[in-house]
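This report concerns only the one structure given below.
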Amino acid sequence: MAKSEIVCGLDMGSSRVVCVIGTPDPEGHGMRILGGASVPCRGLKGGVVLNIHETARAVRAAVEKAEEQAHQMVHGVYLGIRGSHLSSFNNKGAYNIARTDKEITEEDVRAVIEIAKAIPISQDREILHVIPQSYGLDRTRGVPNPVGMEGSLLEVDVHIITASSGHLNNVSRAVAEAGFEVIEPVYSLLALGELLVSPEERELGSLLMDFGGHTVSLGIYSEGAIRYSKELAIGADFITRDLAIGLRTNMATAEKLKIEHGAAHPSLFPEDGEKEIVFKGVDGRSEQRVKPSSIMNILLPRVEQIFTVVGEEVQNSTFADLVVPGGVVLTGGGAVLRGIPQAAEQILNMPARQGLPHPDLVHAADTLMTPTFSTALGLVCYPSAKGFTLSATGPKRSDSRLVRRVKKWFEDLF
């Protein structure tokens, strides 16, 4: 297998680093996933690096575990970017075709996009993505692809995503310290949209909600393109912390109780009723007991608050009417809590479903086809979905597995 066929997606999540390694299916049926790993990281919070060295250790561990499963070495990563430092807006561009030959070429399309992205931004920010939404030709809007058509005025609507240069540099440095290079930084929400939102949902209108630990990412799709995106500084860890404080236990125990016994909707009250649950206190040793109803009473107010904030954000976006036909597509670690789709339907007043990778796009073990790995899976699929050409000319890392182990040995010593 040629090295150029290996694709690595690295998701820098709220408090975890997730890596997936895949290769294009030889028969052209999506991506075949060769390995994946998820590693907790104390150096990350909300997708932002707080400790480069801790983050680098987690990146190295996640990629090497995935490499062992895949029996392949990685030369570079498609890096998932998220966090409240991201911002986005829509813009327009127009380009006059002055040639006698009025046929629109790919160079003309690139030129009008360059005009649309030529906007002033502060020195501490940089443009991460410019996504064409639709084109116009001689004042006729809604042209999906103008190449080969004839006209005098070419227009484009674009969605522009910018990021903090400092945060981008810090996450890239952490990856570099781990012994890897970034092929391209990718807004995680875009990778998820390619993987989880169906073409019909993107056309009719839908809301993609990535329910992370410290952040919630929102993307509104309509007429085949993303129209709005937003990062909210709320997440599933808020629910876990409420439970830890309410039950006087540690975060790890609270997370376990939340997943195993919690529910985000009253209709999912456990069948065994009020059978008490035994758990460890905040010291990790003393035993305590709690009824399922008590867990639910702690969870429900925070779940309601989070979806209320999401609903208000959608209403304020001016795109609220666009999302109703397709409803909400839910993913992320917070979406694994039982009853999240039901809570979304009730509070947002629109259909909701759990977003899972389509088997026609991704061929992977069941353990990887979960919300935890969805972003990394989307990053692996993103290059081919966007028509990128995978080649051996991309950034490479110079150190081998042996060199990385030597570096880790020295780190452990000091």
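Every number here is computed from the coordinates shown, using simple stated rules; none is lab data. Note that the coordinates shown come from a computational prediction; the quantities given were computed from them, not determined experimentally. Backbone-built Cβ (ideal geometry, glycine too); neighbour counts: all protein chains shown.
Looking at the chain only, what percent of DSSP beta bridges run antiparallel? Nearest 5 please. Show your work: numbers first, answer last.
On the way: 58 of 75 bridges.
So the antiparallel bridges amount to about 75 percent of the total.
Give me, ordered by chain and number, the residues 5 or more places off R338 or on other chains with an amide H under 5 Å from its own placed amide H.
Long-range HN contacts for R338: A264.
Considering only the other residues whose Cβ falls under 11 Å of the Cβ of L196, what net charge follows from Lys and Arg at +1 and Asp and Glu at -1? Intermediate results must be reported in sequence, preceding the final value.
Numbers: positive: R202, R353; negative: E194, E201, D210.
Combined, the nearby Lys, Arg, Asp and Glu give -1.
Say each of D25 and T308 gets a label point 7 Å from the Cα, pointing the same way as Cα to Cβ; how far apart are those two points in nm?
Rounded to a tenth, the inter-label distance reads 4.5 nm.
Using only helices, what value at 222 nm comes out for the chain when you add -39,500 (n - 2.57) per DSSP H run of length 4 or more and divide by the total residues, to the nearest 500 deg cm²/dmol?
Working: 12 runs with 148 residues, N = 414.
Calculated mean residue ellipticity at 222 nm is -11000 deg cm²/dmol.
Which of K117, K230, K92 comes first, and how do the rest follow, when ranked by fewest Cβ neighbours within 10 Å? Please report the intermediate quantities before stating the final value.
Working: K117 16, K230 19, K92 13.
Ordered from fewest to most neighbouring Cβ atoms within 10 Å, K117, K230, K92 come out as K92, K117, K230.
Towards the positive end of the charge dipole of the chain, with charges on Cβ (+1 Lys, Arg; -1 Asp, Glu), say which of G246, V20, I347 has the farthest Cα.
Result: G246, furthest along the dipole toward the positive end.
Among 187-193, 305-311, how do they line up by average Cβ neighbours within 10 Å per residue, starting with the highest?
Numbers: 187-193: 27.1, 305-311: 18.3.
Packing proxy ranking, top to bottom: 187-193, 305-311.
Against the longest principal axis of the chain, how steep is helix 236-247, in degrees 0 to 90 to the nearest 10, with axes from Cα atoms?
10
What net charge do the residues around L299 carry, taking every other residue with its C-beta under 15 Å from that of L299, with Lys and Arg at +1 and Asp and Glu at -1? Display every interim value, and only then the final one.
Numbers: positive: R241, K256, K258, K291, R302, R338; negative: D237, D242, E255, E260, E304.
Summing Lys/Arg as +1 and Asp/Glu as -1 gives +1.
Work through the residues other than S152 whose Cβ is under 15 Å from its Cβ and net out their charges, Lys, Arg +1 and Asp, Glu -1. Can you show the working numbers first?
Working: positive: R99, K102, R139; negative: D101, E103, D108, D138, E150, E155.
Cβ neighbours under 15 Å give a net charge of -3.
Going by how many other Cβ atoms sit within 10 Å of their own, how do R338, R60, R139 line up, fewest first? Provide the component values of the computation, followed by the final result.
On the way: R338 17, R60 24, R139 9.
Fewest-to-most Cβ neighbours within 10 Å comes out as R139, R338, R60.
What is the list of residues in segment 148-176 whose amide nitrogen lies under 20 Å from a point 7 angstrom out from the Cα of K65, following Cα to Cβ?
Counting only backbone N, you get 174-176.
Under a Cβ-only charge scheme (Lys and Arg +1, Asp and Glu -1), can you give me the dipole magnitude of the chain about the Cα centre, in debye to the nearest 20? Show your work: numbers first, answer last.
Working: 41 positive and 50 negative charges, 285 e Å.
Charge dipole, the chain, about its Cα centre: 1380 debye, nearest 20.
Out of residues 5 or more away from V362 or on other chains, whose amide H comes under 5 Å of its own, with H placed 1.01 Å from N in the peptide plane?
M31
Pairs of alpha-carbon atoms within less than 8 angstrom and 6+ residues apart define the contacts here; what relative contact order does the chain have, in percent? Show your work: numbers first, answer last.
Working: 894 pairs, mean separation 77.1, N = 414.
Here the relative contact order equals 19 percent.
Using only Cα atoms and rounding to the nearest 10 degrees, what angle (0 to 90) does helix 106-117 make with the longest principal axis of the chain?
60
Quick one: helix 165-177 against the long Cα principal axis of the chain, what's the angle to the nearest 10°, folded into 0 to 90?
So the inclination is approximately 70 degrees.
Under the Karplus relation 6.51 cos²θ - 1.76 cosθ + 1.60, θ = phi - 60°, what is the ordered set of whole-Hz ³J(HN,Hα) values for segment 44-51, x standing for Gly and Pro?
For segment 44-51, the Karplus-derived couplings read 10, 8, x, x, 10, 7, 9, 9 Hz, x marking Gly and Pro.
What list do you get for S222, S198, S217 if you sort them by fewest beta carbons within 10 Å? Mind showing how you got there, number by number?
Details: S222 21, S198 14, S217 27.
Exposure proxy ranking, most exposed first: S198, S222, S217.
Place +1 on the Cβ of every Lys and Arg and -1 on the Cβ of every Asp and Glu in the chain, take the dipole about the Cα centre, and give the residue among A70, A320, H29 whose Cα lies farthest towards its positive end.
A70
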